[in-house]
Structure formats: structure tokens, C-alpha cells
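Have a look at the structure that comes next, please.
What follows is calculated from the coordinates using simple rules that are stated; it is not laboratory data. Since this is a predicted model, take the numbers as computed values, not measurements. We place every Cβ from the backbone using ideal geometry, glycine too, and count neighbours over all the protein chains shown.
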Amino acid sequence: MSNKFNIPLAIPNISGNEARNLSECIETKFVSSVGKFVDEFENQLERLTTFKHACAVNSGTSALSLSLHNSGVRNNDLVIIPDYTFVATANAVKHCGGDPWLIDINPKNLNLDIKRVKNAIEENCKKVRGSWWHKKTGQRLAAIVPVFALGNAINFKELNDLYSNFGIPVIVDAAGALGVTSDKQALGKLKITCATISFNGNKTFTSGGGGAILTNNSEFYRTCKHTSTTARSGYEYIHDQIGFNHRMTNIQAAVGCAQLERYDEFINKKSYIHKFYSKNLNISDFASFHENICSSRWISYCLVKDNFNIDLEKLYNYAQKKGIQLRPFWVPMQMQPPFKLCLKQNLKVSKSIYKRVCTLPSSTNISEDELNHTVHVINTFFKSI
Ligand SMILES: Cc1ncc(COP(=O)(O)O)c(C=O)c1O
């Protein structure tokens, strides 16, 4: 039976000046990694996040691997990451020759549990010549990558303290968290090495594909920009170190600039969508929402209670038939074939929670009709069990 609804989880909202900007790229022939839109995009990111510097690159993954590389992560180094993340976080560590060290998450916001990070370092590492070394494996702990899962922030003070207490580079993977604040403070108040963003198509703001490194450290920024464009040292083809080809193109930035013009509108809509679900879904016997947290609400979700034995596949199939895409989210790194054997601490929370995260349609162009239909379908499903 055909359905008048087709409500995806998160699709781009490209109904602004994207086409106009793209035509300008074609007309001016500035389609590659130099052009006014790349500069404009970086300036806008600096203004919106209050970070001193933004370096635009071609994906969130590139932003992570470039940041890790420029923080000094090399072969055989350890990098702490949360078990619950998108695989790109772990891949980026491997791209630099490092090994992820998996730490559990905080059930209150699905993010790396900073207390567990501190305990893991203090119990398992010793500090020698200014660096932390894992006592059993002999590896150097070279960086920590907290992830702002689904747009949820970790308290900035906790992160700033982590960075200043241990002196280990901290790179926040804020892929989907553009727009997030902590205690009303903008992202740029993070006093860490850098934060990275993704502008992939499923993010609140897209550039088709793209990413950015945000930092308050001018030296780090210059290194990132230099190494993102083959580390060429002047007009001649002389390259002073091994570089990457990770720079964002003017075409990507043209789309990104049009998206950032609608910053407040998109951020407000994401928050509205979350509030709509938490107010109208009558599922408190079965599931809950993470309220009172700082979040960009990139993807809205509910968390099914751990004592509630329900096969969520049944809900997903039922919703699919009614034209709605509901789905589980990330699968923890401990279960991913390339990362199963990684060094890990106790990862119970992540293993228990990932199956209970049910993501809800969250596109900024979702209509009232579509939101009402989604709520009606989910409420009807839960009423029937
Ligand atoms: C937490 C996280 N990190 C990194 C990435 C990678 O970003 P990209 O797809 O732009 O490479 C994503 C993308 O979804 C993500 O969710």
C-alpha cells in the first residue's frame, strides 16, 4: 500500500542560496580549494562558534585525522576515545598509526565519561619525561578524543580541566554539535587543543561533504592549514613536511555558506523538534528523553528503559510501513571487526545503551504534519503492546 508520508531520519535542507552560490563558483571558475566561499565559510564559523580560527577541510574524518596528526599522534601511540561513537573517530586514530583505547560512556548524555578517563589514566599509566605511558603495553598516551554524541555536549569546564590537568592533547569530535553551548557558553570557550565538525549531508548544516578544525591556538591552526594543503612552503613546489590534500573546495564552501546564513533558524528548529517529541510522545512507561542537558539536538532520540523488554525492530518495521524512518544508531567500537581487539576498560554502559537508542526523524525541513504523523504512529505502537 502506498503511503503519503516519506519521513527520513535526517536529510539536508538546501532551499536557500545554495544554488545561487554554486552558479557563482561555475561562472567565476573558482571550483577548487581556493575561492571566496572558503574564506567566508571559515570567517562565519569563527564568528558563530567564537573560536579564534577555523580551518575548513573536506570531511569530518579529515578534520579528525589532521588534528590528531598535528597533535603529534604517531605509530603505536594510544588515543582514548569513547566506545560509543561513529567509526570515523576510531578510523582517524588508525590513519595516524595510533591505537584507540576504548572508555565507557556516561548514561546521562551518551558521551565519554570523563571520571572514567581520569581513573583509567591514573590507574594504568605513569608519567615519565612529560608524557603518560601505559604500564602494561608500554605505549604513549598521545591524545584524548571526547565525542559530542548526537549533538550532546560534555560540560566544557570538565573538558578544560581534563586538558590542563593531564597536559595531553584533547580533540573534541563535535561532528554533529555545531550550535551547542555549555552553561550558555559558545563552543569557542573550550580551552583544549581543538574541536572538529562534520558538514556531511546528515548534519544540521551541510556542505555536501566537509569538515572543519576549530581552535584558539594560532600556531596549531597555521600547522593544520599548512598540512591540509600539501605543506607547500612557497610559490615553488617545495614541501617542508609530509602533507595532506584535505582542504575544502570552494564548491563545498559555497553550499556551506548558504547553510550558515540560516544558523539560528536551523538551530531553533532542531530544538523545537526535540521538544515536540518529548511533549507529545506518550511513552514515559517505556522510554525517556535526555532533558536538562546541553545539546545541539542534531538527532532527536528516545532511550528505551533497560528493564523494558521490547524488540525495537518491531517498532522500526511498523513505522517503516507508515512512511517513517526510525532506526538504531551507532554500534559500539568494541563490536566493530577492526576494533574488537583494542585496549579497553569496562564498557558495560555503552553495550547496554546502544540497543536502546531509538532515533527519530530530525530534518530541519520536517513539517508539522510529518511531526504529528510520527508522534501518532509511535504512540499507537506503544499503546498496542
Ligand atoms: C561523531 C562523528 N565523528 C566523525 C564523523 C565523520 O564525519 P564525515 O562523515 O564528515 O567524515 C561523523 C559523521 O557522522 C560523526 O558522527
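Could you tell me the calculated FRET efficiency between residue 335 and residue 27, based on Cβ-Cβ distance and R0 = 51 angstrom, to the nearest 0.05? Walk me through the numbers on the way to the answer.
Working: r = 49 Å, r/R0 = 0.96.
The value I calculate is 0.55.
Taking square-rooted eigenvalues a ≥ b ≥ c of the alpha carbon gyration tensor, is the stretch 1-128 rounded, prolate or oblate, where a/c under 1.5 means rounded and, failing that, a/b exceeding b/c means prolate?
Working: a/c = 2.51, a/b = 1.52, b/c = 1.65.
Oblate is the answer for the stretch 1-128, as a/c is 1.5 or above yet b/c matches or exceeds a/b.
Mind telling me which of 137, 223, 50 comes out most flexible in a GNM of the chain, alpha-carbon contacts under 10 Å?
Looking only at 137, 223, 50, the largest GNM fluctuation is found for 137.
Taking the number of other C-beta atoms within 10 Å as the exposure measure, put 71, 350, 131 in order starting with the fewest. Kindly include the intermediate steps, with their values, before the conclusion.
Working: 71 23, 350 27, 131 15.
Taking fewest neighbouring Cβ atoms as first place, the list is 131, 71, 350.
Next question, about the same structure. Quick one: dipole size for the stretch 196-337, taken about the Cα centre, charges +1 on Lys/Arg Cβ and -1 on Asp/Glu Cβ, in debye to the nearest 20. The partial results should precede the final answer.
Details: 16 positive and 11 negative charges, 80 e Å.
The dipole of the stretch 196-337 has a size of about 380 debye.
Of the chymotrypsin sites (Phe, Trp or Tyr not before Pro) in the stretch 228-258, which ones lie in a loop per DSSP and count no more than 15 other C-beta atoms within 10 Å?
Numbers: sites: 235, 237, 244; in loops: 235, 237, 244.
Passing sites in the stretch 228-258 are 235, 237.
Right, another one. If you place +1 on the Cβ of every Lys and Arg, -1 on the Cβ of every Asp and Glu, and leave all else neutral, what size is the dipole of the stretch 64-210 about its Cα centre, to the nearest 20 Debye? Provide the component values of the computation, followed by the final result.
On the way: 17 positive and 11 negative charges, 72 e Å.
In debye, rounded to 20, the stretch 64-210 gives about 340.
Considering the convex hull of the alpha carbon atoms of the chain, report its projected area averaged over all viewing directions, in nm², one decimal. Don't jump to the answer; show the numbers that get you there.
On the way: hull surface 81.6 nm².
For the chain, the mean projected area of the Cα convex hull comes to 20.4 nm².
To continue, here is another question. Can you tell me the FRET efficiency between residue 39 and residue 94 if r is taken as the Cβ-Cβ distance and R0 is 35 Å, rounded to the nearest 0.05?
On the way: r = 32 Å, r/R0 = 0.92.
My answer for the efficiency is 0.60.
Net charge within 13 Å of residue 138 by Cβ-Cβ distance, Lys/Arg positive one each and Asp/Glu negative one each, not counting residue 138 itself? Please list the in-between numbers first.
Numbers: positive: 126, 135, 136, 140; negative: 77, 99.
Value of the local net charge: +2.
Could I ask something else about it? Once both labels are modelled 7 Å past Cα along the beta-carbon direction, what's the residue 318-residue 108 spacing in nm?
Reported label-point gap for residue 318 and residue 108 is 3.2 nm.
Something else about it: What trypsin sites (Lys or Arg not before Pro) does the stretch 162-261 have in DSSP loop regions with at most 13 other beta carbons within 10 Å?
On the way: sites: 184, 189, 191, 203, 222, 225, 232, 247; in loops: 184, 191, 203.
Sites meeting the loop and neighbour criteria: 184.
Something else: Can you find, among 382, 248, 64, the residue farthest towards the positive end of the dipole of the chain? Put +1 on the C-beta of Lys and Arg, -1 on that of Asp and Glu.
The residue sitting farthest along the positive end of the dipole is 382.
Treating only the Cβ atoms of Lys and Arg (+1) and Asp and Glu (-1) as charged, compute the dipole magnitude of the stretch 135-232 about its Cα centre; round to the nearest 20 debye.
Values: 11 positive and 5 negative charges, 53 e Å.
Charge dipole of the stretch 135-232: 260 debye, to the nearest 20.
Within a 10 angstrom radius of the beta carbon, how do 272, 354 rank from fewest other beta carbons to most?
Neighbour counts put them in this order, fewest first: 272, 354.
Run the Debye formula on the Cα coordinates of the stretch 147-260, all scatterers equal and no solvent, and tell me log10 I(q)/I(0) at q = 0.15 1/Å.
Log-scaled intensity ratios, in q order: -0.76.
Going 7 Å from the Cα of residue 385 along its beta-carbon direction, which residues of the stretch 310-331 have the amide nitrogen within less than 17 Å of the resulting point?
310-322, 324-329
Sticking with this structure for a sec: Within the stretch 263-383, how many Lys pairs that are eight or more residues apart, or on different chains, come under 19 Å at the alpha-carbon?
Eligible lysine pairs with Cα atoms under 19 Å apart amount to 17.
Hey, another quick one. Of 329, 365, 350, which is farthest along the charge dipole of the stretch 263-383 in the positive direction, counting Lys and Arg as +1 and Asp and Glu as -1 at C-beta?
After comparing all options, I get 350.
Further, regarding this structure: Please say if the stretch 263-383 is rounded, prolate or oblate, where rounded means a/c under 1.5 for a ≥ b ≥ c the square roots of the C-alpha gyration tensor eigenvalues, and otherwise the choice is prolate for a/b larger than b/c and oblate otherwise? Please report the intermediate quantities before stating the final value.
Details: a/c = 1.89, a/b = 1.42, b/c = 1.33.
It comes out prolate by the Cα gyration axes.
Once the other residues with Cβ under 14 Å from the Cβ of residue 331 are scored (Lys, Arg +1; Asp, Glu -1), what is the net sum?
Values: positive: 327, 340, 351, 355, 356; negative: 83.
Spelling it out: positives minus negatives among the neighbours equals +4.
Between the DSSP loop rule and a limit of at most 15 other Cβ atoms within 10 Å, which trypsin sites (Lys or Arg not before Pro) in the stretch 16-88 are left? Could the numbers behind the result be given before it?
Values: sites: 20, 29, 36, 47, 52, 74; in loops: 29, 52, 74.
Passing both the DSSP loop test and the Cβ count: 29, 52, 74.
Sticking with this structure for a sec: Once the Cβ-Cβ distance between residue 136 and residue 264 is put in as r, and R0 is 51 Å, what FRET efficiency do you end up with, to the nearest 0.05?
Efficiency computed from Cβ-Cβ geometry: 0.55.
Using DSSP loop states and a limit of at most 10 other Cβ atoms within 10 Å to flag GluC sites (Glu not before Pro), what is the longest stretch of the chain containing no flagged site?
Numbers: sites that count: 236, 291.
For GluC sites (Glu not before Pro) (loop position, at most 10 other Cβ atoms within 10 Å), the longest site-free span of the chain is 1-235.
Can you sort 34, 377, 145, 128 so the residue with the fewest Cβ neighbours within 10 Å comes first? Walk me through the intermediate numbers first.
Working: 34 12, 377 19, 145 27, 128 9.
Fewest-to-most ranking of 34, 377, 145, 128: 128, 34, 377, 145.
Classify the stretch 114-176 from the C-alpha gyration tensor, please: rounded if a/c falls under 1.5, else prolate or oblate depending on whether a/b exceeds b/c. Could you put the intermediate results ahead of the total?
Numbers: a/c = 2.22, a/b = 2.02, b/c = 1.10.
Prolate shape, in that a/c is at least 1.5 and a/b is the bigger ratio.
222 nm [θ] for the chain, helices only, -39500 (n - 2.57) per DSSP H run of 4+, per residue, to 500? Kindly include the intermediate steps, with their values, before the conclusion.
Values: 12 runs with 139 residues, N = 385.
Calculated at 222 nm, the ellipticity per residue is -11000 deg cm²/dmol.
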